[in-house]
Amino acid sequence: MESMDHVDCEYEVEKVVDQKVVNGNIYYQIKWKGYDSEYNSWEPYHNLNCSELLSRFQCEQIIRNKKILERKRQLLKERDSNSSTSSKDGSSVQFYKKEIKNSTIHKETRIQKNISEAQYNKNNNSNSSIGVKRPMTLVEKFQQQTGFASNKKPKIIIPIPSPKVLEFERFLNRSIKNGPPISVINDIDDAGIPSNFTYVENYVYGEGVPCRIDLSERLVGCRCKEGYCTAKGCSCFTEHTGARLNYDRTTFQVMLKPGNVIYECNSKCTCLSNCVNRVSQRRSDLSLMIKRFPKKGWGVITRRKIPERVFVTYYYGEIIKSTEADRRGSQYDTKGLTYLFDLDYNAEDHDECAYTVDATYFGNFSRFFNHSCDPNLVVYPLINDNADIRLHHIAFFTSREIQVGEELTFNYFGNFYNEEVESGLSKIKEKYVCKCGSTKCIGYFHK
Ligand SMILES: [Zn+2]
Ligand SMILES: [Zn+2]
Ligand SMILES: [Zn+2]
(Lines give C-alpha, C1' and ligand atoms only; values in the text may rest on other atoms or scores of the structure.)
(Ligands and ions follow the chains in the order given, each with its own letter.)
Protein backbone atom coordinates (compact mmCIF):
# COMPACT_ATOMS: atom_id res chain seq x y z
CA MET A 1 0.00 0.00 0.00
CA GLU A 2 1.20 3.47 -0.80
CA SER A 3 0.69 4.69 2.72
CA MET A 4 3.36 2.35 3.96
CA ASP A 5 6.03 4.15 1.99
CA HIS A 6 5.75 6.95 4.49
CA VAL A 7 5.80 4.85 7.60
CA ASP A 8 8.84 5.67 9.73
CA CYS A 9 9.97 2.06 10.14
CA GLU A 10 11.08 0.58 6.83
CA TYR A 11 13.55 -2.09 7.70
CA GLU A 12 14.34 -3.96 4.56
CA VAL A 13 17.93 -5.15 4.32
CA GLU A 14 19.49 -4.56 0.92
CA LYS A 15 22.96 -5.91 1.62
CA VAL A 16 25.19 -7.10 4.44
CA VAL A 17 28.32 -4.98 4.04
CA ASP A 18 30.68 -5.91 6.85
CA GLN A 19 30.97 -7.67 10.19
CA LYS A 20 32.77 -7.10 13.46
CA VAL A 21 32.97 -8.60 16.91
CA VAL A 22 32.32 -6.45 19.99
CA ASN A 23 32.53 -8.08 23.43
CA GLY A 24 32.22 -11.49 21.84
CA ASN A 25 29.08 -10.66 19.84
CA ILE A 26 28.91 -10.43 16.08
CA TYR A 27 27.53 -7.29 14.52
CA TYR A 28 26.73 -6.85 10.86
CA GLN A 29 26.91 -3.61 8.97
CA ILE A 30 23.64 -3.28 7.07
CA LYS A 31 22.86 -1.27 3.97
CA TRP A 32 19.12 -0.52 4.18
CA LYS A 33 16.98 -0.67 1.09
CA GLY A 34 15.97 2.80 -0.04
CA TYR A 35 18.61 4.55 2.09
CA ASP A 36 22.09 5.82 1.16
CA SER A 37 25.18 4.13 2.55
CA GLU A 38 25.61 6.93 5.10
CA TYR A 39 22.59 5.44 6.89
CA ASN A 40 24.26 2.02 7.20
CA SER A 41 24.08 0.72 10.75
CA TRP A 42 25.63 -2.04 12.85
CA GLU A 43 23.08 -4.62 13.94
CA PRO A 44 23.41 -7.68 16.19
CA TYR A 45 22.49 -11.00 14.59
CA HIS A 46 19.26 -11.35 16.58
CA ASN A 47 17.93 -8.09 15.12
CA LEU A 48 18.20 -9.45 11.61
CA ASN A 49 15.82 -11.60 9.68
CA CYS A 50 17.71 -12.08 6.46
CA SER A 51 19.42 -15.45 6.72
CA GLU A 52 19.82 -15.71 2.96
CA LEU A 53 21.70 -12.40 2.71
CA LEU A 54 23.82 -13.35 5.72
CA SER A 55 24.81 -16.67 4.17
CA ARG A 56 25.67 -14.92 0.93
CA PHE A 57 27.81 -12.47 2.86
CA GLN A 58 29.54 -15.33 4.71
CA CYS A 59 30.24 -17.05 1.39
CA GLU A 60 31.71 -13.88 -0.07
CA GLN A 61 33.86 -13.43 3.05
CA ILE A 62 35.20 -16.97 2.80
CA ILE A 63 36.06 -16.55 -0.86
CA ARG A 64 37.67 -13.16 -0.13
CA ASN A 65 39.71 -14.52 2.79
CA LYS A 66 40.84 -17.47 0.71
CA LYS A 67 41.96 -15.13 -2.05
CA ILE A 68 43.88 -12.94 0.41
CA LEU A 69 45.55 -15.97 1.93
CA GLU A 70 46.48 -17.37 -1.46
CA ARG A 71 47.89 -14.05 -2.56
CA LYS A 72 49.96 -13.75 0.62
CA ARG A 73 51.28 -17.25 0.14
CA GLN A 74 52.11 -16.46 -3.43
CA LEU A 75 53.98 -13.33 -2.37
CA LEU A 76 55.94 -15.23 0.27
CA LYS A 77 56.75 -17.95 -2.23
CA GLU A 78 58.01 -15.44 -4.75
CA ARG A 79 59.99 -13.62 -2.13
CA ASP A 80 61.57 -16.82 -0.81
CA SER A 81 62.56 -17.98 -4.24
CA ASN A 82 64.05 -14.54 -4.95
CA SER A 83 65.59 -14.10 -1.51
CA SER A 84 69.09 -15.28 -2.51
CA THR A 85 69.30 -12.76 -5.36
CA SER A 86 67.32 -9.87 -4.00
CA SER A 87 68.22 -9.94 -0.32
CA LYS A 88 69.74 -6.50 -0.68
CA ASP A 89 66.45 -5.10 -1.84
CA GLY A 90 65.35 -2.91 1.07
CA SER A 91 61.63 -3.04 0.42
CA SER A 92 61.53 -6.79 0.23
CA VAL A 93 63.28 -7.14 3.59
CA GLN A 94 61.00 -4.62 5.16
CA PHE A 95 57.97 -6.51 3.93
CA TYR A 96 59.43 -9.70 5.26
CA LYS A 97 59.99 -8.27 8.74
CA LYS A 98 56.51 -6.83 8.88
CA GLU A 99 55.00 -10.18 8.02
CA ILE A 100 56.91 -11.98 10.77
CA LYS A 101 56.03 -9.38 13.32
CA ASN A 102 52.34 -9.45 12.54
CA SER A 103 51.69 -13.08 12.08
CA THR A 104 53.11 -16.29 13.39
CA ILE A 105 51.24 -18.09 10.63
CA HIS A 106 53.36 -16.45 7.99
CA LYS A 107 56.50 -17.28 9.86
CA GLU A 108 55.54 -20.92 9.72
CA THR A 109 54.60 -20.63 6.09
CA ARG A 110 58.05 -19.24 5.40
CA ILE A 111 59.69 -22.24 7.06
CA GLN A 112 57.56 -24.77 5.27
CA LYS A 113 57.32 -23.29 1.85
CA ASN A 114 55.10 -25.91 0.33
CA ILE A 115 52.82 -26.30 3.24
CA SER A 116 49.43 -27.71 2.35
CA GLU A 117 46.24 -26.34 3.79
CA ALA A 118 45.78 -29.43 5.93
CA GLN A 119 49.22 -29.14 7.38
CA TYR A 120 48.66 -25.44 7.87
CA ASN A 121 45.56 -26.10 9.89
CA LYS A 122 47.30 -28.80 11.86
CA ASN A 123 50.17 -26.45 12.71
CA ASN A 124 47.77 -23.72 13.53
CA ASN A 125 45.84 -25.97 15.89
CA SER A 126 49.04 -27.15 17.51
CA ASN A 127 49.37 -23.60 18.82
CA SER A 128 46.48 -24.27 21.13
CA SER A 129 48.14 -27.38 22.50
CA ILE A 130 51.06 -25.34 23.74
CA GLY A 131 48.76 -22.96 25.55
CA VAL A 132 48.23 -20.20 23.02
CA LYS A 133 44.57 -20.47 22.29
CA ARG A 134 43.72 -19.56 18.75
CA PRO A 135 41.12 -16.81 18.79
CA MET A 136 37.78 -17.79 17.32
CA THR A 137 37.36 -16.72 13.73
CA LEU A 138 34.39 -14.63 12.71
CA VAL A 139 32.92 -17.57 10.85
CA GLU A 140 33.17 -19.76 13.92
CA LYS A 141 31.63 -17.07 16.05
CA PHE A 142 28.85 -16.78 13.52
CA GLN A 143 28.29 -20.52 13.73
CA GLN A 144 28.44 -20.52 17.51
CA GLN A 145 26.00 -17.65 17.92
CA THR A 146 23.55 -18.71 15.27
CA GLY A 147 23.73 -22.44 15.90
CA PHE A 148 24.23 -22.97 12.18
CA ALA A 149 27.06 -25.42 12.77
CA SER A 150 28.47 -27.16 15.77
CA ASN A 151 31.44 -28.67 14.00
CA LYS A 152 34.72 -28.00 15.76
CA LYS A 153 36.72 -28.29 12.57
CA PRO A 154 37.27 -25.03 10.73
CA LYS A 155 34.93 -26.33 8.09
CA ILE A 156 32.26 -23.83 7.12
CA ILE A 157 28.66 -24.92 7.06
CA ILE A 158 26.41 -22.40 5.38
CA PRO A 159 22.70 -22.57 6.18
CA ILE A 160 21.38 -23.41 2.76
CA PRO A 161 17.60 -23.77 2.59
CA SER A 162 16.53 -27.37 1.97
CA PRO A 163 15.39 -28.32 -1.57
CA LYS A 164 11.81 -28.59 -0.28
CA VAL A 165 11.91 -25.05 1.11
CA LEU A 166 13.37 -23.70 -2.14
CA GLU A 167 10.75 -25.59 -4.11
CA PHE A 168 8.03 -24.10 -1.88
CA GLU A 169 9.40 -20.58 -2.44
CA ARG A 170 9.55 -21.05 -6.20
CA PHE A 171 6.03 -22.47 -6.16
CA LEU A 172 4.70 -19.40 -4.31
CA ASN A 173 6.57 -16.80 -6.27
CA ARG A 174 5.62 -18.23 -9.65
CA SER A 175 1.98 -17.55 -8.73
CA ILE A 176 2.19 -14.29 -6.75
CA LYS A 177 1.34 -11.32 -8.96
CA ASN A 178 -0.31 -8.93 -6.51
CA GLY A 179 2.57 -8.46 -4.10
CA PRO A 180 6.26 -8.95 -3.38
CA PRO A 181 7.74 -12.46 -3.21
CA ILE A 182 7.22 -14.47 -0.02
CA SER A 183 10.09 -16.40 1.51
CA VAL A 184 9.84 -19.71 3.34
CA ILE A 185 11.76 -20.92 6.38
CA ASN A 186 11.64 -24.36 7.92
CA ASP A 187 14.21 -25.47 10.46
CA ILE A 188 11.73 -27.81 12.18
CA ASP A 189 11.05 -30.72 9.83
CA ASP A 190 11.10 -31.61 6.13
CA ALA A 191 7.60 -30.32 5.26
CA GLY A 192 7.23 -28.56 1.92
CA ILE A 193 4.37 -27.53 -0.36
CA PRO A 194 1.05 -28.86 1.00
CA SER A 195 -0.12 -31.73 -1.18
CA ASN A 196 -2.70 -31.03 -3.91
CA PHE A 197 -2.46 -27.30 -3.21
CA THR A 198 -2.69 -24.60 -5.91
CA TYR A 199 -1.80 -20.99 -5.12
CA VAL A 200 -4.49 -18.59 -6.37
CA GLU A 201 -5.09 -14.85 -6.18
CA ASN A 202 -8.81 -15.05 -6.90
CA TYR A 203 -11.79 -17.04 -5.79
CA VAL A 204 -12.29 -20.34 -7.56
CA TYR A 205 -16.02 -20.88 -8.12
CA GLY A 206 -17.21 -24.38 -7.32
CA GLU A 207 -20.16 -26.26 -8.71
CA GLY A 208 -23.46 -24.38 -8.57
CA VAL A 209 -21.89 -21.14 -7.32
CA PRO A 210 -22.61 -18.00 -9.40
CA CYS A 211 -19.27 -16.55 -10.50
CA ARG A 212 -18.24 -12.94 -10.71
CA ILE A 213 -18.93 -12.66 -14.43
CA ASP A 214 -22.48 -14.00 -13.91
CA LEU A 215 -23.03 -11.27 -11.36
CA SER A 216 -21.43 -8.38 -13.26
CA GLU A 217 -24.83 -7.32 -14.63
CA ARG A 218 -25.91 -6.51 -11.10
CA LEU A 219 -22.94 -4.24 -10.38
CA VAL A 220 -23.74 -0.57 -9.89
CA GLY A 221 -20.90 1.97 -10.14
CA CYS A 222 -20.54 5.60 -9.17
CA ARG A 223 -20.19 8.39 -11.72
CA CYS A 224 -17.43 10.39 -10.06
CA LYS A 225 -15.69 12.39 -12.77
CA GLU A 226 -12.50 13.65 -11.12
CA GLY A 227 -10.86 10.23 -11.20
CA TYR A 228 -11.38 9.85 -7.47
CA CYS A 229 -14.32 9.77 -5.07
CA THR A 230 -15.27 12.12 -2.28
CA ALA A 231 -17.42 11.16 0.68
CA LYS A 232 -20.29 13.50 -0.16
CA GLY A 233 -20.50 13.26 -3.92
CA CYS A 234 -19.99 9.53 -4.45
CA SER A 235 -22.94 7.15 -4.55
CA CYS A 236 -20.67 4.31 -3.34
CA PHE A 237 -20.51 6.11 0.01
CA THR A 238 -23.87 7.82 0.28
CA GLU A 239 -25.61 4.52 -0.28
CA HIS A 240 -23.70 2.39 2.21
CA THR A 241 -21.83 4.42 4.81
CA GLY A 242 -23.91 7.58 4.99
CA ALA A 243 -21.32 9.76 3.25
CA ARG A 244 -18.39 8.64 5.39
CA LEU A 245 -15.13 7.37 3.90
CA ASN A 246 -14.16 3.75 4.49
CA TYR A 247 -10.46 4.60 4.53
CA ASP A 248 -8.35 7.51 5.69
CA ARG A 249 -7.49 9.60 2.67
CA THR A 250 -3.76 9.90 3.44
CA THR A 251 -2.83 6.74 5.38
CA PHE A 252 -5.41 4.40 3.75
CA GLN A 253 -6.10 2.90 7.17
CA VAL A 254 -9.62 1.51 7.55
CA MET A 255 -11.92 3.84 9.50
CA LEU A 256 -15.06 1.74 9.41
CA LYS A 257 -15.57 -0.29 12.61
CA PRO A 258 -15.29 -4.10 12.45
CA GLY A 259 -18.67 -5.77 11.99
CA ASN A 260 -19.58 -3.51 9.05
CA VAL A 261 -19.25 -4.37 5.39
CA ILE A 262 -16.72 -2.36 3.40
CA TYR A 263 -18.19 -1.40 0.02
CA GLU A 264 -15.38 -0.41 -2.31
CA CYS A 265 -15.62 1.10 -5.77
CA ASN A 266 -15.90 -1.53 -8.47
CA SER A 267 -15.25 -2.06 -12.17
CA LYS A 268 -18.41 -0.12 -13.10
CA CYS A 269 -17.27 3.00 -11.20
CA THR A 270 -15.72 5.80 -13.25
CA CYS A 271 -13.01 6.61 -10.68
CA LEU A 272 -9.40 5.50 -11.24
CA SER A 273 -7.29 2.91 -9.44
CA ASN A 274 -5.90 5.54 -7.03
CA CYS A 275 -9.40 6.31 -5.66
CA VAL A 276 -9.44 6.30 -1.84
CA ASN A 277 -12.17 3.70 -1.98
CA ARG A 278 -10.08 1.03 -3.71
CA VAL A 279 -7.52 0.30 -0.99
CA SER A 280 -7.79 -3.50 -1.06
CA GLN A 281 -7.44 -3.49 -4.86
CA ARG A 282 -3.91 -2.06 -4.79
CA ARG A 283 -0.77 -4.12 -5.08
CA SER A 284 0.45 -5.14 -1.63
CA ASP A 285 3.92 -4.15 -0.46
CA LEU A 286 4.01 -6.32 2.66
CA SER A 287 7.17 -8.28 3.31
CA LEU A 288 6.10 -11.70 4.57
CA MET A 289 7.57 -15.07 5.31
CA ILE A 290 5.91 -18.46 5.69
CA LYS A 291 7.53 -20.12 8.66
CA ARG A 292 7.32 -23.61 10.11
CA PHE A 293 6.46 -23.74 13.83
CA PRO A 294 7.08 -26.71 16.15
CA LYS A 295 3.43 -27.46 17.09
CA LYS A 296 1.29 -25.33 14.82
CA GLY A 297 2.81 -26.20 11.47
CA TRP A 298 3.05 -23.38 8.94
CA GLY A 299 2.39 -19.78 9.97
CA VAL A 300 2.95 -16.35 8.46
CA ILE A 301 5.32 -13.79 9.96
CA THR A 302 6.08 -10.24 8.89
CA ARG A 303 9.61 -9.10 8.09
CA ARG A 304 8.62 -5.48 8.50
CA LYS A 305 6.58 -3.52 11.01
CA ILE A 306 2.93 -3.14 9.85
CA PRO A 307 0.84 -0.22 11.14
CA GLU A 308 -2.60 -0.82 12.64
CA ARG A 309 -5.81 -0.87 10.52
CA VAL A 310 -3.96 -1.67 7.32
CA PHE A 311 -5.31 -4.04 4.68
CA VAL A 312 -3.36 -7.30 4.55
CA THR A 313 -5.07 -9.71 2.16
CA TYR A 314 -8.24 -11.55 1.21
CA TYR A 315 -8.88 -15.13 2.23
CA TYR A 316 -8.96 -16.88 -1.13
CA GLY A 317 -10.04 -20.39 -1.95
CA GLU A 318 -12.71 -22.41 -3.64
CA ILE A 319 -16.25 -21.13 -3.00
CA ILE A 320 -18.49 -24.12 -2.45
CA LYS A 321 -22.08 -24.56 -1.36
CA SER A 322 -22.34 -24.96 2.39
CA THR A 323 -23.92 -28.39 2.02
CA GLU A 324 -20.74 -29.48 0.21
CA ALA A 325 -18.70 -27.76 2.94
CA ASP A 326 -20.42 -29.84 5.61
CA ARG A 327 -19.55 -33.00 3.69
CA ARG A 328 -15.92 -31.97 3.23
CA GLY A 329 -15.73 -30.69 6.80
CA SER A 330 -16.46 -34.10 8.30
CA GLN A 331 -13.74 -35.57 6.06
CA TYR A 332 -11.21 -32.93 7.07
CA ASP A 333 -12.03 -33.36 10.75
CA THR A 334 -10.73 -36.88 10.66
CA LYS A 335 -7.43 -35.43 9.45
CA GLY A 336 -7.53 -32.72 12.11
CA LEU A 337 -7.16 -29.91 9.61
CA THR A 338 -9.71 -27.54 8.20
CA TYR A 339 -9.46 -24.50 5.97
CA LEU A 340 -13.18 -23.83 5.70
CA PHE A 341 -14.36 -20.25 6.16
CA ASP A 342 -18.12 -19.62 6.09
CA LEU A 343 -19.35 -16.62 4.08
CA ASP A 344 -21.95 -16.00 6.74
CA TYR A 345 -21.88 -12.26 7.23
CA ASN A 346 -25.56 -11.85 6.44
CA ALA A 347 -26.66 -15.26 7.74
CA GLU A 348 -28.50 -15.51 11.04
CA ASP A 349 -27.07 -18.92 11.86
CA HIS A 350 -25.01 -21.69 10.30
CA ASP A 351 -27.98 -23.23 8.46
CA GLU A 352 -28.61 -19.99 6.63
CA CYS A 353 -25.06 -19.70 5.39
CA ALA A 354 -25.17 -20.48 1.66
CA TYR A 355 -21.51 -20.54 0.73
CA THR A 356 -18.18 -21.44 2.27
CA VAL A 357 -14.61 -20.78 1.16
CA ASP A 358 -12.44 -23.88 1.21
CA ALA A 359 -8.70 -23.18 1.06
CA THR A 360 -7.63 -26.82 1.28
CA TYR A 361 -6.83 -27.16 -2.43
CA PHE A 362 -6.84 -23.53 -3.62
CA GLY A 363 -5.73 -20.52 -1.63
CA ASN A 364 -3.22 -17.78 -1.01
CA PHE A 365 -0.83 -17.15 1.89
CA SER A 366 -3.73 -16.34 4.27
CA ARG A 367 -4.42 -20.08 4.30
CA PHE A 368 -1.39 -20.36 6.57
CA PHE A 369 -2.64 -17.83 9.16
CA ASN A 370 -2.99 -19.54 12.53
CA HIS A 371 -5.63 -19.01 15.19
CA SER A 372 -4.79 -16.93 18.23
CA CYS A 373 -6.83 -16.04 21.29
CA ASP A 374 -5.02 -12.67 21.17
CA PRO A 375 -4.90 -12.01 17.42
CA ASN A 376 -3.48 -9.05 15.50
CA LEU A 377 -5.79 -9.37 12.48
CA VAL A 378 -9.46 -8.61 12.16
CA VAL A 379 -11.86 -9.76 9.44
CA TYR A 380 -14.21 -7.51 7.42
CA PRO A 381 -16.68 -8.63 4.79
CA LEU A 382 -15.78 -6.59 1.71
CA ILE A 383 -17.61 -6.03 -1.55
CA ASN A 384 -16.25 -4.62 -4.78
CA ASP A 385 -16.73 -6.70 -7.93
CA ASN A 386 -18.55 -9.51 -6.15
CA ALA A 387 -22.03 -8.00 -6.42
CA ASP A 388 -23.75 -10.67 -4.30
CA ILE A 389 -23.33 -10.06 -0.56
CA ARG A 390 -23.40 -13.83 -0.04
CA LEU A 391 -20.15 -14.02 -2.05
CA HIS A 392 -18.33 -11.24 -0.24
CA HIS A 393 -14.57 -11.05 0.19
CA ILE A 394 -13.08 -11.98 3.54
CA ALA A 395 -10.65 -9.12 4.09
CA PHE A 396 -7.95 -9.18 6.76
CA PHE A 397 -6.84 -5.88 8.33
CA THR A 398 -4.35 -5.40 11.15
CA SER A 399 -6.08 -4.70 14.46
CA ARG A 400 -2.90 -3.27 16.00
CA GLU A 401 0.67 -2.48 14.99
CA ILE A 402 2.52 -5.71 14.18
CA GLN A 403 6.23 -5.93 14.96
CA VAL A 404 9.05 -7.36 12.85
CA GLY A 405 9.09 -11.16 13.16
CA GLU A 406 5.62 -11.34 14.72
CA GLU A 407 3.17 -13.93 13.48
CA LEU A 408 -0.04 -12.79 11.76
CA THR A 409 -3.04 -14.41 13.43
CA PHE A 410 -6.79 -14.07 13.63
CA ASN A 411 -9.46 -15.50 15.90
CA TYR A 412 -11.13 -18.52 14.31
CA PHE A 413 -14.19 -17.76 16.51
CA GLY A 414 -14.70 -14.42 14.80
CA ASN A 415 -13.94 -10.82 15.66
CA PHE A 416 -16.39 -10.48 18.51
CA TYR A 417 -15.13 -13.10 20.79
CA ASN A 418 -16.21 -12.48 24.40
CA GLU A 419 -17.11 -14.33 27.62
CA GLU A 420 -20.59 -15.09 26.41
CA VAL A 421 -19.25 -16.73 23.28
CA GLU A 422 -16.67 -18.54 25.38
CA SER A 423 -19.23 -20.06 27.75
CA GLY A 424 -21.25 -21.17 24.71
CA LEU A 425 -18.20 -22.67 23.10
CA SER A 426 -17.07 -24.41 26.26
CA LYS A 427 -20.17 -26.60 25.91
CA ILE A 428 -19.13 -27.76 22.47
CA LYS A 429 -17.70 -31.23 22.78
CA GLU A 430 -15.50 -31.36 19.72
CA LYS A 431 -12.58 -29.06 20.27
CA TYR A 432 -9.06 -28.57 19.10
CA VAL A 433 -6.35 -27.88 21.61
CA CYS A 434 -5.25 -24.27 21.04
CA LYS A 435 -1.53 -23.84 20.58
CA CYS A 436 -1.49 -20.07 20.07
CA GLY A 437 0.74 -19.57 23.10
CA SER A 438 -0.82 -16.21 23.98
CA THR A 439 -1.31 -15.23 27.64
CA LYS A 440 -5.01 -14.81 26.83
CA CYS A 441 -5.28 -18.36 25.46
CA ILE A 442 -8.44 -20.20 26.55
CA GLY A 443 -6.88 -23.55 25.70
CA TYR A 444 -9.03 -24.74 22.82
CA PHE A 445 -10.98 -23.74 19.77
CA HIS A 446 -14.02 -25.40 18.32
CA LYS A 447 -14.17 -27.68 15.31
ZN1 LIG B 1 -14.10 5.42 -6.40
ZN1 LIG C 1 -17.35 7.47 -6.63
ZN1 LIG D 1 -17.47 4.02 -6.79
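The values are calculated or read from the model by the stated rules, or taken from the named source; none is laboratory data. These numbers come from a predicted model, not from an experiment. Heads up, the Cβs are rebuilt from the backbone with ideal geometry, glycines too, and the neighbour counts pull from every protein chain shown. With ligands, DNA and RNA removed, areas are computed over all heavy atoms of the protein, side chains included. Shrake-Rupley method; radii C 1.70, N 1.55, O 1.52, S 1.80 Å.
For the stretch 240-396, what does the relative contact order come out to in percent, with C-alpha contacts under 8 Å and a separation of six or more?
The normalised contact order for the stretch 240-396 reaches 26 percent.
For K295, put the label point 7 Å out on the Cα→Cβ axis and report which residues of the stretch 175-196 keep their amide N under 19 Å from it.
187-189
Compute the signed sum of charges (Lys and Arg +1, Asp and Glu -1) over the other residues within less than 11 Å, Cβ to Cβ, of C236. Write out the running numbers ahead of the final one.
Details: positive: R223, K268, R278; negative: E239, E264.
Here the charged neighbours net out to +1.
If packing is taken as the average count of other Cβ atoms within 10 Å, what order do 215-224, 168-177 fall into, highest mean first?
168-177, 215-224
Where the centre of each part is set by its Cα atoms, how far does the stretch 50-70 sit from the stretch 285-347, in angstrom?
39
Amide H of G405: which non-local residues (sequence gap of 5 or more, or other chain) have their own amide H closer than 5 Å, using H built in the peptide plane?
Residues meeting the criterion, in which the H sits 1.01 Å from N, are T302, R303, R304.
Tally up the carbon and sulfur contribution to the accessible surface of the stretch 238-289 as a whole percent, 1.4 Å probe, everything protein left in place.
Numbers: 1220 of 2400 Å².
Carbon-and-sulfur percentage of accessible area, whole number: 51.
Using a cut-off of 13 Å between beta-carbons, work out the net charge of the residues near I160 (Lys and Arg +1, Asp and Glu -1, I160 not included).
Net charge around I160: -1.
Considering only the other residues whose Cβ falls under 12 Å of the Cβ of F341, what net charge follows from Lys and Arg at +1 and Asp and Glu at -1?
-3
Karplus couplings for the stretch 293-298 from phi (6.51 cos²θ - 1.76 cosθ + 1.60, θ = phi - 60°), rounded to Hz, Gly and Pro as x?
Along the stretch 293-298, the couplings run 10, x, 9, 7, x, 6 Hz.
Put a dot 7 Å past each Cα toward the Cβ at N202 and C441; how far apart are the dots in nm?
4.0
About its Cα centre, how strong a charge dipole does the stretch 257-336 have in debye, to the nearest 20, once Lys and Arg get +1 and Asp and Glu get -1 at the Cβ?
400
Averaged per residue, what accessible area in Å² does the stretch 237-352 show with a 1.4 Å probe, protein chains only?
Spelled out: the 1.4 Å probe surface of the stretch 237-352, per residue, equals 48 Å².
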